[in-house]
Amino acid sequence: MNKRITKLRVRDAFIIFFGTTIMSLAIKYILDPAGLVTGGVSGLSIVIKAVTGHVIEGGVPLWVSNVLLNVPIFLFAIYAEGFRSIIRTGLSFVIMSFELWILPEINFLPDNLFLVSIYGGIAFGAGTGIILLAHATSGGTDLLGKAIHKYFRFISMGRLIQILDGMVVVIGAIVFPIEHTLFAILSVYVMGRVTDMILDRGKRAKIALIISKEHDAISQEILTDLNRGVTQIDGKGMFSGDEKKVLICVCRNRDLPDLKDIVKTHDKKAFFVVGTISEALGEGFVEKWS
């Protein structure tokens, strides 16, 4: 059991390192040079660097702002939720701060803000999704929103985080041209979509409902040839009053053509309905429950 726990922790630590590194690269080489304030502590750090650039050559480094802004947030989160709840997020915070410190300054971006916002959103969203798979966050507004939610439960945690990120975006609109802010909002949208895609990876499926007199033959071929499970339930046609057998089969999208061929071969008059499942857990799909 201890070996299993150790392996799990090592694996999660690697996932957190990998996801955080992608986020650090996105901040350092895409979002910051383009002046895209996408919310969170990273966005606020970009604002601080730009504002202090008139006083300090190059402005306050991103890693310094990341540390100074996150430390009070972590202390508040520890007070609100306890130390154990932020260990993984703390690891991501340390990795990001270190990487933002050691990564060299390189400006290789094109002048096309549209492309920059799209690819910045893809990179940052991918990194966010990866560390969320390990039940961690990068800290910042996510951690602050989670801690504040304990005292304001009438407001959803998602809404709190949106409010905090929105405040940062507004601050960015004051410092950077409005064009940059509009592209930053586009980047935020892309981030959310990419993050959701990663979190939903392997969980989506199709569900087919089949009503046919040849239910036995169809179910047998699904089990043997398609290698998919199938469940039979009793049904009744409310118009005709006839008793019917309903087959339920959850499968991958790539299995649908073969499933249709099986049903068509045995009964061309069968009633066949297909729906989309946003998450399928269990044998044959994502077998590990998160």
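Taken together, the values in this text are just the output of simple stated rules run on the coordinates, not laboratory data. Worth saying up front: this structure is predicted, and the values here are computed from it rather than measured. FYI the Cβ positions are ideal-geometry reconstructions off the backbone, even for glycines, and counts take in every protein chain you see.
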In the stretch 1-109, the chymotrypsin sites (Phe, Trp or Tyr not before Pro) that sit in a DSSP loop and have at most 11 other Cβ atoms within 10 Å of their own Cβ are Phe83, Phe108
Expressed as a whole-number percentage, the relative contact order of the chain with C-alpha contacts under 8 angstrom and at least six residues apart is 20
In order over the stretch 137-154: 3J(HN,Hα) from phi, Karplus 6.51/-1.76/1.60, θ = phi - 60°, whole Hz, x for each Gly or Pro, gives 9, 8, x, x, 5, 4, 5, 5, x, 5, 6, 5, 4, 5, 9, 10, 6, 6
Dipole check, the stretch 2-199, charges on Cβ (K,R +1; D,E -1), about Cα centroid: among His149, Val94, Leu36 the Cα furthest to the positive pole belongs to His149
Straight-line reach check, Lys245, cutoff 14 Å on alpha carbons, 8 or more apart in-chain or any other chain, hits among aspartates and glutamates -> Glu214, Asp216, Asp234, Asp267
In nanometres, the difference between 0.36 nm per residue of separation and the alpha-carbon distance of Leu256 and Ile163 is 29.3 nm
Largest fluctuation, Asp216, Asp111, Asp242 only, Gaussian network model of the chain with Cα springs under 10 angstrom, belongs to Asp242
Among (i) 21.8; (ii) 16.7; (iii) 15.1, the value of mean projected area of the Cα convex hull in nm² computed for this structure carries the label (i)
Most exposed to least, judged by fewest other Cβ atoms within 10 Å, Ile248, Ile130, Ile102 sort to Ile102, Ile248, Ile130
Ranked on Cβ counts within 10 Å of their own Cβ, fewest leading, Glu99, Glu105, Glu81 go Glu105, Glu81, Glu99
Connecting every pair of Cα atoms under 10 Å apart in the chain and solving the GNM, the largest mean-square fluctuation among Lys244, Lys146, Lys49 falls on Lys244
The answer for the net charge of residues other than Arg88 whose Cβ lies under 15 angstrom from its Cβ, with Lys and Arg +1 and Asp and Glu -1, is +1
